[in-house]
Structures are given as C-alpha cells and as structure tokens.
Amino acid sequence: MSVKKIAVIGGGTMGSGIALTAATNGIEAVVVDISEEQLSRAKEYHKKQVARAVSKERMTQEEADASLAILSYVNSLDEASDACWAVEAATENIDVKKTIFKHMFETFAEHVVLATNTSSISITDLSSAIPEAANRVIGMHFFNPVPVMKLVEIIKGKETSEETTNATIALSEQMGKIPVPANDSAGFVSNRVLMPMINEAFHAWTDGVADPEAIDSIMKLGCAFPMGPLRLADYIGLDVCRDIMMVMYDGLEENPKYLPNKKLVELVEAGHLGDKSGQGVYEYGKNN
Ligand code: CAA
C-alpha cells in the first residue's frame, strides 16, 4: 500500500531533503519545525531545486508546480497529525529525539510508522521512550544530499515488527531510493566505516602528513571519492561528525579509535562547523 502523506520532523538539511524527495515522487509532505527561519529556508530550498530540475529538463513546469503544491510547512506536530507516516530528522541527540518520539506517539494514529533519520543512535534505545509503540519505530537513514544519494540504510530495533520493516522498505522504494539493511549497532554501517576515515584524515593533517587540499586531492584522484574526506566533513558538518564519533565511542565499548581528533573538536568549539557556518577545515563564500 502506497504512502500518501508523510510528516518530516525537522526542517534542516536532511529534513528538507527528505520532504523534497517525497514530494517529487508524488507523496504529500509536511515539514514540521518550531523555527520559522528553518521553515523558510526549507521552502526556498524546495523552490530552488525544482526550478533547477525544470531548467535541466528533468522535470516539466507542471510537475514542478505539482511537487511544490503538495509540500507544506508548519510549526507544530499537531498541524501534521493527519500524516500516515512520520520521520524524525532533528538534532543528533538522544534526549531531544526521545522527547520528540513521545510527542510523535501522542500525535499520530496508531498504525503510523515512527521512523528516525538518526545516523548513529541505537533504535532500540530510542524506542524505549515509547515502549507501547516500539514495534513501529525504525531507522530510516538518508544521505546528504537526499535528492541525489540513492541509499536508505534501514535499521530495525529489537522490537521493530516485520510489518514496519516491510512498509519502510516499500516507502524507500516509492521515494526512488535503494533500501539496504544494517544491524542496530552504534553508527550502523555507513558511519562505522565513514567516520573513522574522516577522523584519520584529520590525524593525517594534524600529524603533518599533508595539508587538507593534498589529502582531499589524493583521496579524490586516487580513490575516486566525489569529495575528499575533509571536504566531506565540512559538508556533513563538523559538529555532526563529532557527535556521531562520540555516539560510536560510547556505544562501542569506549574504544579510543572512535574518539574525535583534537583539531576537529577545536574547530567545533570555535564555531567552525563547515559549510553551514561558512568556515570549517576550509573557508566558504556565502553561497556555499
Ligand atoms: N540538493 C539537491 N540536489 C543537489 C544538491 C542538493 N543539496 N547538491 C547537488 N545536487 C545535485 C545538483 O543539482 C546536480 O544535479 P544535475 O547535475 O542534475 O544538475 C548534481 O547533484 C551534481 O551536483 P554539482 O554538479 O553541483 O556538484 P558535484 O558533481 O560535485 O556533486 C555532490 C555534488 C552530489 C554533493 C557530490 O560531491 C557527492 O556525491 N559528494 C559526496 C556526498 C556524500 O558522501 N554524502 C554522504 C554524506 S554522509 C551522510 O549524509 C550521512 C551521515 O550520517 C553523516
């Protein structure tokens, strides 16, 4: 059975990307965020992306208008309560997510799947916030930029039902994505592999093996990465990278190999978060 309307909780980079991907695949999407500024940014992003798709002839003007017409933006979860699917894409913090999940449980009908776009936090842990509905909680991990990246990493918690899992696989496909399962271990597969590589690139930089430009060029030209690991860290957000590494450190027996590099932590503490703050490993112009 196809999904008609999804609620996306969180209008940041990931949330707005998920909503756009839903809408361009014919699924009504409502973006929920308490910040008006975040909602305006999401709306602008949606307009810009469909206009680009039209100019590149990937979409007709009618299709673009139809996508924008099924996107909406609201401040409270209550205004999205008629959705038949919910995906949380808020800050990577377990306490924040648990509070949102309790609210999602109270708001949506009892058949609604309560998915999370967490990139590292245990689904079983998260679902403990709503034991009555733990069978409906699942990890639905998208990748940035969501409209472009094909993968959705699907993570079942201990209590996640087969029905929830099958429905999540079906929705991912309905959104034009390729779902791939991973077990509920800190960082799952994607970040278990990606974050140590990013961290090692920082070590290579701070140990003086090469400067950032050379590290990124070597990995791009020699290993066919679309972006070098330091450029990618800025793109993901250095704060997000640090938080994911700490979730992995805590969740994987405090193995020191997952501790974030000192330089990475210093940049975050100085407010240099990457593309979104205009400075990270690299400096960016206003339009990056
Ligand atoms: N939204 C929508 N579309 C976008 C986009 C965005 N934010 N950014 C780029 N695109 C589209 C462009 O419109 C363009 O499409 P067309 O060619 O059809 O016009 C296409 O992507 C390529 O973009 P560009 O030509 O501007 O630039 P590029 O060729 O350098 O590609 C990139 C940009 C797709 C981001 C590419 O550099 C890339 O794949 N980088 C790696 C991204 C990656 O690894 N993401 C995963 C991060 S990890 C994560 O998200 C999960 C986590 O838990 C941390």
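Details
- When each of S127, S55 is scored by the number of other beta-carbon atoms lying within 10 Å, the sequence from fewest to most is S55, S127.
- Ordered by the number of other Cβ atoms lying within 10 Å of each residue's own Cβ, fewest first, M104, M59, M175 fall into the sequence M59, M175, M104.
- Under a model in which nothing but the beta-carbon of Lys, Arg (+1) and Asp, Glu (-1) is charged, the chain shows a dipole of about 660 debye around its Cα centre.
- Within-13-Å neighbourhood charge of N135 [Cβ basis; K, R +1; D, E -1]: -2
- Relative contact order (%) - the chain, alpha-carbon pairs under 8 angstrom, separation at least six: 13 percent
- Each of the trypsin sites (Lys or Arg not before Pro) that DSSP puts in a loop and that has at most 16 other Cβ atoms within 10 Å breaks the chain; the longest unbroken stretch is 159-285.
- Projecting the Cα atoms of A23, G271, S185 onto the charge dipole of the chain (Cβ charges, centred on the Cα centre) puts A23 farthest toward the positive pole.
- For M197, M246, M140, order by how many other beta-carbon atoms lie within 10 Å, fewest first: M197, M246, M140
- DSSP beta bridges in the chain [antiparallel fraction, %, rounded to 5]: 20 percent
- When the GluC sites (Glu not before Pro) in the range 62-143 are filtered for DSSP coil states and for at most 12 other beta-carbon atoms within 10 Å of their beta-carbon, the remaining sites are E110.
- Residue among G187, G271, G139 with the largest mean-square fluctuation in a Gaussian network model of the chain, springs linking Cα atoms under 10 Å: G271
- Candidate aspartates and glutamates for bridging to K97, where Cα separation is under 13 Å - those fewer than 8 sequence places away on the same chain excluded: E88, D125
- For the range 1-91, relative contact order (Cα pairs under 8 Å, six or more residues apart, normalised by length) works out to 44 percent.
- Only Lys, Arg (+1) and Asp, Glu (-1) charged, at Cβ; the range 191-277 dipole about Cα centre in debye: 200 debye
- Per residue, the Cα convex hull of the range 191-277 amounts to 88 Å³.
- In order through the range 152-159: 3J(HN,Hα) via Karplus (6.51 cos²θ - 1.76 cosθ + 1.60), integer Hz, x for Gly, Pro: 10, 7, 9, 10, 8, x, 4, 9
Read-outs: derived from the displayed coordinates by stated rules, not from any lab. Note that the structure is predicted; figures quoted are calculated from it, not measured. Virtual Cβ from ideal backbone geometry, glycine too; neighbours counted across all protein chains shown.
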